[in-house]
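Comments concern the structure below.
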Amino acid sequence: MTLFSDLVKIFRDYYKKKKDSRTFQVVQYIISISFILGICGLLAYGLSLAFWYYLDSPILEEPELKDWSQNFLGTGPAICDKRLVGYYTDYTKAIIRNEQILKLTHVIYLLLDVYPNGVVKVLDEQKDTSFLKKVEIAKRLNPKLKVMVGVGGYQFARRFSSVAGDETKRQTFQNSITAFLIYHKLDGVDIFWAWPKAKDRENCLKLIKGLRQNLPAQFLISMILPRLAQQLDGYILNSLVDYVDFFNVLSYDYFEPLPGNGANIGPISPMYGGQRGNVDGTMKRLTCEIRKPSKLNLGITLYGTYWNNVESGLGQKRDDIWRLAEVENGPGYSIGWREMEQRNWNLSAANWHEASKSSYIWNPRNKRFLGFESEKSLQEKVIYAKNKNIGGIVVWTMDQDDDKDSVLNIMTSVDMCERGTGDSLKFLINSITSFIDEHDLDGVDVFWIWPSKQDRRSYIRFLQELKKSLAELKIEKKRAEDYIISIIAPRNPSEFEGFNLVEIMDSVDFINVLSYDYYYTTLKVGPLSPLYGGTEGNVDETMKYLSCKTENSRKLNMGVTFYGTTYLNTDLPFGNDSFWIPTSSETKGPFGVRWNQITSDEKSKAKWDNISRTPYSWEDRKFFTFENEKSMREKMKYAEDHNIGGILIWVIDQDDDENTLLSVVSSVDLCSGSSLLAYSCGN
């Protein structure tokens, strides 16, 4: 308003004698209106610039979210930690659409190259500028999105080995990444090393461990993993899992050449079947290695692969999905999802291979075969990831989706958050059920040593869910008999805190009682498996405790061993009522000795302790305790008299060639019930 006041003053002085004239008033009004219009014009120009800048960006408006991804963003009713990760490459020209940014939880730009000296940087300054703009756009639309940068790639991965193997280069690498993340205000780094070899195992771990220690805590680290067991030699997975936030499993391209075998024609990413690996096998193996399926992302590819001059489609058997690629078939040509229909592939005519849960197109006229991910196969993979409680999905690469984000919409149509966060129970149960089915087995023994008090409820739940799963398998297989579930039980009451025996009995067919190795409780020297007596527990006390707690001794199997135990430099036990003595500083042992390794001389020199009903020898301060035919008969008679359901042998391959101990065990008729002795459970 200062300019306006000065102008008015000039006119007021000039027309001071005519200040009340009509001319002065008109001029004053004109100036006022012109100034106001000028100010409005400047504001309109500024607003239009901002509007057109915003309109020209790929972010137009925030669409309504109607899928499980809203749980990631905090707009839904609950928050879960499942991931939907999208790769973008530095060579892509596709615009990252607002729909993608809103639905993804993590974006990885595979952008950085590894230099021989350990420095990481973008080769092209123009790419760096473009990258920064993409990051700014992504963060503005979805502040919860984690934007990460990928280091390496198939072309530059070979440099990782020399960098990881040199301490100076390793430190340079770690410092370089840290500086890049901080400068560009990113959320983390993806290590795209394909693939460390066996010689790189220790150095790979040092590289990742050092990077984790070098980076501030808020930065994420992810790492790619291969699909095949042959490619895992360079990883110490059970250690890497402590330093990596998640692994991106490239669970596709199973047709690629293997050592000693060429490329094959077939599905790009079979869920099951075949002799060259499949998604289920890959995810099972990795889960068993790291024990945390929540840290795995199942890989999905948005391209297909086709071959020429292929004579037929896939066979319908589970293993009949591969055929060796010949020269006339070509090397296998990649084609992106967005290009398939443009290049005359009729996706609506795709065939479904039920055994491998995969889609393909085979045209008998031009004899071209295309393996690719269809809507159906993608849904199968997302449902699999949900049911197995896999941590998330990773997509290679997002720029290959079509303009409608068809693939992204398919993947977010299945609620991955439904199963909660991090619990691998379903995965374990499905793995057990699948193994039993695949190998045509009759049941499973749960060998858990030992559940703690905090595990009581989860142990019951596990057994109940396992029983339910096997019951469903029975129906599916039209099997006449139920599948068997057994568990192991400890020898001492102090070890039963994690067992709710009353509820457990409803879910198991029998319990294998490890009624031996009583010396393990206090590490004293004494008999391996005393039937009675002593102060450290015995078979009778163990079986009485379990029979009274379960109220069903027929579901108990009493454990016997086909081995003995030796102690060196020890005094003789059995000197008092306890027949146990503490180990001294010079005592060595216990050392296990298989029954088939016990010499006839050792057996003949054995003495008999009538209280514990066990044989032993002691000579030159060497104490040897074991089971022989006499002690085994005593135990079999005990089982018969007390209506014990059966006998557990640990382990049967340690018997001699004449099956001496097995013959004793099998000679007793546990079904006769001739002289049942009831336990007095009130005492």
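Brief remarks on what is shown
- Contact map, the range 605-623: first residue outside the structural domain of Tyr518 (by TED's automatic domain parsing) and touching a residue at least 24 places away in the same chain (Cβ under 8 Å), second residue part of a strand (DSSP E or B) and of a type in the set (Val, Ile, Thr), Cβ cut-off under 6 Å, separation 6 or more or different chains; the map is empty.
- Matching residues in the range 622-632 - criterion: being touching a Ser or Thr at 6+ places or on another chain (Cβ under 8 Å) and assigned to a helix (DSSP H, G or I): Glu629, Ser631
- For the range 140-154, the criterion of being in contact with a Leu (Cβ under 9 Å, 6 or more places away or on another chain), farther than 19 Å from Phe247 by Cα, modelled with pLDDT of 95 or more and not in a loop (DSSP other than H, G, I, E, B) is met by none of the residues.
- Where a residue in the range 278-299 is modelled with pLDDT of 90 or more and its partner, wherever it lies, is of a type in the set (Gly, Ala, Ser) and assigned to a helix (DSSP H, G or I), with Cβ under 7 Å and at least six apart: Lys284/Ser431; Arg285/Ala229; Leu298/Ala385
- All of (1) within 20 Å of the chain's Cα centre (by Cα); (2) outside any loop (DSSP other than H, G, I, E, B); (3) aromatic (Phe, Trp, Tyr) hold for Tyr243 with one exception: (2).
- The residues on offer are Ser434, Ser486, Ser469, and the sole one that is in contact with an Asp or Glu (Cβ under 8 Å, 6 or more places away or on another chain) and modelled with pLDDT under 95 is Ser434.
- Among the residues listed as Gly575, Gly559, the single one being on the phi < 0 side of the Ramachandran plot and at pLDDT 90 or above: Gly559
- Scanning the range 241-271 for residues being of a type in the set (Ser, Thr, Tyr), surrounded by fewer than 21 Cβ atoms within 10 Å (Cβ to Cβ) and either free of Cβ contacts under 8 Å to residues at least 12 places away in the same chain or closer than 27 Å to Glu354 by Cα (or both) gives a total of 0.
- Scanning the range 553-562 for residues that are buried (at least 19 other Cβ atoms within 10 Å of the Cβ), more than 18 Å from Ser612 (Cβ to Cβ) and either outside the structural domain of Leu661 (by TED's automatic domain parsing) or not aliphatic (A, V, I, L, M) (or both) yields a total of 4.
- Candidate set from the range 182-222 (those that are touching a residue at least 40 places away in the same chain (Cβ under 8 Å) and among the acidic types (Asp, Glu)); member that is surrounded by the most Cβ atoms within 10 Å (Cβ to Cβ): Asp190
- Residue count, the range 453-466 (criterion: at pLDDT below 90, closer than 15 Å to Ile504 by Cβ and of a type in the set (S, T, N, Q)): 1
- Looking across the range 573-582, the residues that are crowded, with 16+ Cβ neighbours inside 10 Å and either in contact with a strand residue (DSSP E or B) (Cβ under 6 Å, 6 or more places away or on another chain) or part of a strand (DSSP E or B) (or both) come down to Pro573, Phe574, Trp580, Ile581.
- Considering only residues in the range 518-550 that are among the charged types (D, E, K, R) and modelled with pLDDT of 90 or more, the one that is nearest to Val664 (Cα to Cα) turns out to be Asp540.
- Filter pass, Thr129 being polar (S, T, N, Q), modelled with pLDDT under 95, assigned to a helix (DSSP H, G or I) and out of contact with any helix residue (DSSP H, G or I) (no Cβ under 6 Å at 6 or more places or on another chain): yes
- Within the range 434-463, the only residue that satisfies the criterion of being closer than 15 Å to Ile485 by Cβ and small (Gly, Ala, Ser) is Gly443.
- Among the residues of the range 437-452, those identified as exposed (fewer than 13 other Cβ atoms within 10 Å of the Cβ) and modelled with pLDDT under 90 are Glu438, His439, Ile449, Ser452.
- Each residue in the range 211-242 was checked for being in contact with an Asp or Glu (Cβ under 9 Å, 6 or more places away or on another chain) and of a type in the set (Gly, Ala, Ser), and 2 pass.
- Taken over the range 302-340, the residue count meeting the criterion of being at pLDDT 90 or above, surrounded by fewer than 16 Cβ atoms within 10 Å (Cβ to Cβ) and under 36 Å from the mean Cα position of the chain (by Cα) is 3.
- Total residues in the range 586-621 satisfying the condition of being on the phi > 0 side of the Ramachandran plot and either in contact with a Cys (Cβ under 7 Å, 6 or more places away or on another chain) or assigned to a loop (DSSP other than H, G, I, E, B) (or both): the figure is 3.
- Exclusive hit being in contact with a Pro (Cβ under 8 Å, 6 or more places away or on another chain) and either crowded, with 18+ Cβ neighbours inside 10 Å or polar (S, T, N, Q) (or both), set Thr550, Thr599, Thr570, Thr565: Thr565
The values are calculated or read from the model by the stated rules, or taken from the named source; none is laboratory data. Source: prediction; values computed, not measured. Please note: Cβ atoms are built from the backbone with ideal geometry, for glycine as well, and neighbour counts cover all protein chains shown.
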